[in-house]
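Undergrad: Quick one: structure below, then a few questions.
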Amino acid sequence: MHILKRHLLAPSPNKGIRALQSKGSNRITTTPASRRRMASVDTSLPAKPTGAAGDFAAAHAGEHPLKLYGGWFCPFVQRAWIVLHEKAVAHQYVEINPYRKAPEFLALNPRGLVPTLAVPVGDGDKALKPLYESSIICEYLDEAYGDAAPQLLPRGNPYERARCRLWIDHVGGKIVPGFYKLLQHTPEKGYSIEEARANLLGQIKTFVKEMDAGGPWFLGDRFSLVDVMLAPWAKRLFLIDHYKPGGVGIPAEGTAGEDEDVWNRWRAWFQAITRRESVLNTWSADEMYIEAYKRYAEDTTQSEVGQATRKGERLP
């Protein structure tokens, strides 16, 4: 993972509007401009994805009854996007401006959550019903389009399906919170950056020890939903290297002692997932994420995930 030169966008005037992001979704509400130290970056984010993600979005901009409403910067949205890409599901991608939500989107989902999947149901598939929470959306897509390869949860093996869900839960309940705790560390916190780093590394090690030894994927040669669930945060680890002293702290090859095999296995998985076509094609320019996550690194974000991390609470 490399450290990129910091790229700053021109800030826009503070409108007092902030994004609230829940686990598996982004919840968008408005808050007073005086609330805490609101970062101007919240209102100056680029409106659309760029690069390969921009191309993928443009290729799916045409009208279609199955619609994914999302935000390019959101890792929970990227989960759903990866599954759509993997299974080549025909759909329409609709980028949501978190500060000017379209009335038709709010009519579909008054909670204002992304990702939201609008699913055609009923007579003639004309009625649209919403699904949200990224893990639920991903499981729905895998089941609804079960004949499309790859099958992301094992078929015909209830134990393996349940085991996959166990480690999906570990990703969402342990690794993802550890990521934000380290990224949002500031000197005034009641815990040290070393403690936050050790926690994240420990949760990753626990995950890696459950991987098939042969790899490259969690289930060995089979790409699965477990890999999808962690992929967006694996891609975003470079943000910790960029913003935090000491970075993520993954040991260099040959320096991990008794954990050498664990970190070699992690490197094999990390290399595979960050080169996966579906991950690359749902990714914008690195500099855009550096700017988008500045508010997390400075601990000024007003997202629900950010606020829960700040308070030491379970992520919503």
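The values are calculated or read from the model by the stated rules, or taken from the named source; none is laboratory data. Fair warning: this is a prediction, and the values are worked out from it, not measured in the lab. For neighbour counting, all protein chains shown are included, and Cβ atoms are generated from backbone atoms with ideal geometry for every residue, glycine included.
Undergrad: Val248 versus (1) under 23 Å from the mean Cα position of the chain (by Cα); (2) in a helix (DSSP H, G or I); (3) of a type in the set (Val, Ile, Thr): which is the lone unmet condition?
TA: Result: Val248 passes all but (2).
Undergrad: In region 67-104, which residues are crowded, with 20+ Cβ neighbours inside 10 Å and out of contact with any helix residue (DSSP H, G or I) (no Cβ under 8 Å at 6 or more places or on another chain)?
TA: Lys67, Cys74, Pro98
Undergrad: Report, by residue number, each residue of region 143-156 that is over 14 Å from Ser224 (Cα atoms) and not charged (D, E, K, R). Before you say what the answer is, go through the steps one by one.
TA: First pass over region 143-156, keeping only residues over 14 Å from Ser224 (Cα atoms): 144-145, 147, 156.
Ala144, Tyr145, Gly156 - these are the residues of region 143-156 that are over 14 Å from Ser224 (Cα atoms) and not charged (D, E, K, R).
Undergrad: Which of (1) part of a loop (DSSP other than H, G, I, E, B); (2) more than 23 Å from Ala149 (Cβ to Cβ); (3) at pLDDT 95 or above does Val89 not meet, given it meets every other one?
TA: (2)
Undergrad: Report whether or not Glu258 is acidic (Asp, Glu), surrounded by fewer than 19 Cβ atoms within 10 Å (Cβ to Cβ) and either part of a loop (DSSP other than H, G, I, E, B) or free of Cβ contacts under 8 Å to residues at least 24 places away in the same chain (or both). Working first, answer last.
TA: Values: acidic (Asp, Glu): yes; surrounded by fewer than 19 Cβ atoms within 10 Å (Cβ to Cβ): yes; either part of a loop (DSSP other than H, G, I, E, B) or free of Cβ contacts under 8 Å to residues at least 24 places away in the same chain (or both): yes.
Answer is yes for this residue.
Undergrad: Quick check on region 198-208. Is at least one of its residues within 22 Å of Ile290 (Cα to Cα), of a type in the set (Phe, Trp, Tyr) and crowded, with 16+ Cβ neighbours inside 10 Å? Don't jump to the end; show me each part of the working.
TA: Within region 198-208, the first condition is being within 22 Å of Ile290 (Cα to Cα), and the residues that meet it are 200-201.
Filter once more, keeping what is of a type in the set (Phe, Trp, Tyr): none.
Within region 198-208, not a single residue is within 22 Å of Ile290 (Cα to Cα), of a type in the set (Phe, Trp, Tyr) and crowded, with 16+ Cβ neighbours inside 10 Å.
Undergrad: List the pairs whose first member sits in region 97-112 and is more than 13 Å from Gly70 (Cα to Cα), whose second member is at pLDDT 80 or above and polar (S, T, N, Q), and whose Cβ atoms are under 9 Å apart, counting only residues at least 6 apart or on separate chains?
TA: Final answer for the pair search is Leu108/Thr116.
Undergrad: Taking region 277-288, which residues are surrounded by 15 or more Cβ atoms within 10 Å (Cβ to Cβ) and either assigned to a helix (DSSP H, G or I) or without any contact (Cβ under 8 Å) to a residue 60 or more places away in the chain (or both)? Quick ask: steps written out before the conclusion?
TA: From region 277-288, those surrounded by 15 or more Cβ atoms within 10 Å (Cβ to Cβ) are 278-288; that's our starting set.
The answer is Ser278, Val279, Leu280, Asp286, Glu287, Met288.
Undergrad: Go through region 107-150 and give me each residue that's among the β-branched types (Val, Ile, Thr), surrounded by fewer than 20 Cβ atoms within 10 Å (Cβ to Cβ) and either at positive phi or touching a Phe, Trp or Tyr at 6+ places or on another chain (Cβ under 8 Å) (or both).
TA: So in region 107-150, the residues among the β-branched types (Val, Ile, Thr) come out as 114, 116, 119, 121, 136-137.
Filter once more, so that each one left must be surrounded by fewer than 20 Cβ atoms within 10 Å (Cβ to Cβ): 119, 121, 136.
Answer for region 107-150, where residues must be among the β-branched types (Val, Ile, Thr), surrounded by fewer than 20 Cβ atoms within 10 Å (Cβ to Cβ) and either at positive phi or touching a Phe, Trp or Tyr at 6+ places or on another chain (Cβ under 8 Å) (or both): just Val119.
Undergrad: Hey, another quick one. From the list Thr309, Thr300, which one is crowded, with 16+ Cβ neighbours inside 10 Å, over 15 Å from the mean Cα position of the chain (by Cα) and not in a helix (DSSP H, G or I)?
TA: Exactly one of Thr309, Thr300 is crowded, with 16+ Cβ neighbours inside 10 Å, over 15 Å from the mean Cα position of the chain (by Cα) and not in a helix (DSSP H, G or I), namely Thr300.
Undergrad: Still on this structure: For Gly249, which of the numbered conditions (1) in contact with a Lys or Arg (Cβ under 6 Å, 6 or more places away or on another chain); (2) of a type outside the set (A, V, I, L, M, F, W, C); (3) without any contact (Cβ under 8 Å) to a residue 40 or more places away in the chain fails to hold?
TA: Among (1) in contact with a Lys or Arg (Cβ under 6 Å, 6 or more places away or on another chain); (2) of a type outside the set (A, V, I, L, M, F, W, C); (3) without any contact (Cβ under 8 Å) to a residue 40 or more places away in the chain, Gly249 violates only (3).
Undergrad: Sort out which residues of region 226-249 are of a type in the set (A, V, I, L, M, F, W, C) and either closer than 16 Å to Phe76 by Cβ or buried (at least 19 other Cβ atoms within 10 Å of the Cβ) (or both), and write them in order of number. Break it down into steps so the answer makes sense when it comes.
TA: Pass one, region 226-249, residues of a type in the set (A, V, I, L, M, F, W, C): 226, 228-231, 233-234, 237-240, 248.
Scanning region 226-249 gives Val226, Val228, Met229, Leu230, Ala231, Trp233, Ala234, Leu237, Phe238, Leu239, Ile240.
Undergrad: Moving on to the next point. Please work out which one of (1) modelled with pLDDT under 95; (2) within 22 Å of Gln151 (Cα to Cα) is the condition Gln302 fails and give its number.
TA: Against the list (1) modelled with pLDDT under 95; (2) within 22 Å of Gln151 (Cα to Cα), Gln302 comes up short only on (2).
Undergrad: If you don't mind, another one. Can you name every one of the helices (runs of 4 or more DSSP H) wholly within region 114-219 that holds 3 or more residues which are farther than 18 Å from Gln78 by Cβ and out of contact with any helix residue (DSSP H, G or I) (no Cβ under 7 Å at 6 or more places or on another chain)?
TA: Details: elements: 134-144, 158-170, 176-183, 193-209.
Answer list for region 114-219: 158-170, 193-209.
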